[in-house]
Amino acid sequence: MIAPEFDYDAVCRDMPEARVMRGEAYAAKGWVDLVEVSPSGVLAHVTGERGIAYVVEVSARNASDARCTCPDFADGGLRCKHVVATVFTVLDTDDAGLEAAAGRLSRLADLLEMEGRDDGPDLVDRARRDPALLRELEGEEVG
């Protein structure tokens, strides 16, 4: 098992249907970037409609312990569309995609070490929480 075995129905239970549908739409548009995947949890960067990327962490099967940096979650502790998008993406991603996400940060750490970067471990830790930094370190255009 590469990722948690999420119970999608339990994740969405008691959430407004519109919020669930928006989360599913975010996933379908490819706005979820899986950063770290393991059997114990998932870390993702989810881009919202305004182009702001939020950091989402989910580990419980029903997402009862999920966290997101979006205002809805921060202000009210509400399970948000970004959590739905993350769980939906994990469930919709094939094993190869999940394996790629599972090794993503360790590959980045190895790359930075090969480059002789003394600040590699700090950069990887910061990249977990900073989508633009992660893309930059991985050599993508940041714009």
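Derivation of every value follows stated rules applied to the coordinates shown; laboratory data play no part. Small disclaimer: the values here were computed from a predicted structure and weren't measured. Cβ atoms come from the backbone with ideal geometry, glycine included; neighbour counts cover every protein chain shown.
So which GluC sites (Glu not before Pro) in region 1-78 are both in a DSSP loop and have at most 15 other Cβ atoms within 10 Å of their Cβ? Walk me through the intermediate numbers first.
Details: sites: E5, E17, E24, E36, E49, E57; in loops: E5, E49.
Hits after loop and neighbour filter: E5, E49.
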Extend 7 Å from the Cα of E99 along its Cα-to-C-beta direction; within region 29-61, residues with backbone N under 16 Å of that point are 37-39
Percent relative contact order of the chain, based on C-alpha pairs within less than 8 angstrom and at least six residues apart? 24
So what is the calculated 222 nm ellipticity per residue for the chain, using -39500 (n - 2.57) for each DSSP H run with n of 4 or more, over all residues, to the nearest 500 deg cm²/dmol? -14000 deg cm²/dmol
GNM on the chain, C-alpha springs below 10 Å: top fluctuator among G41, G23, G120? G120
Mind sorting K81, K29 by how few other Cβ atoms lie within 10 Å of their own Cβ, fewest first? K29, K81
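Taking only the C-alpha atoms, wrap a convex hull around the chain and report its volume per residue in Å³ as a whole number. Could you put the intermediate results ahead of the total?
On the way: hull volume 15.8 nm³, N = 143.
In the chain, the Cα hull volume divided by residue count equals 111 Å³.
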What residues from region 20-35 fall in the zone where the backbone N is under 11 Å from a label point 7 Å along the Cα-to-C-beta line of L91? 24
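Which loop GluC sites (Glu not before Pro) in region 88-143, with loop taken from DSSP, have no more than 10 other Cβ atoms within 10 angstrom of their Cβ?
Working: sites: E99, E113, E115, E136, E138, E140, E141; in loops: E115, E138, E140, E141.
Of the GluC sites (Glu not before Pro), the ones in loops of region 88-143 whose Cβ has at most 10 other Cβ atoms within 10 Å are E115, E140, E141.
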Going 7 Å from the Cα of S64 toward and past its Cβ, which residues in region 1-36 have a backbone nitrogen under 20 Å from where you end up? 4-16
Per the rule of 0.36 nm per residue minus the C-alpha distance, extending A25 to D118 adds in nm 29.4 nm
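In debye, nearest 20: dipole of the chain around its Cα centre with unit charges on the Cβ of K, R (+) and D, E (-)?
Values: 16 positive and 29 negative charges, 109 e Å.
So the magnitude is around 520 debye.
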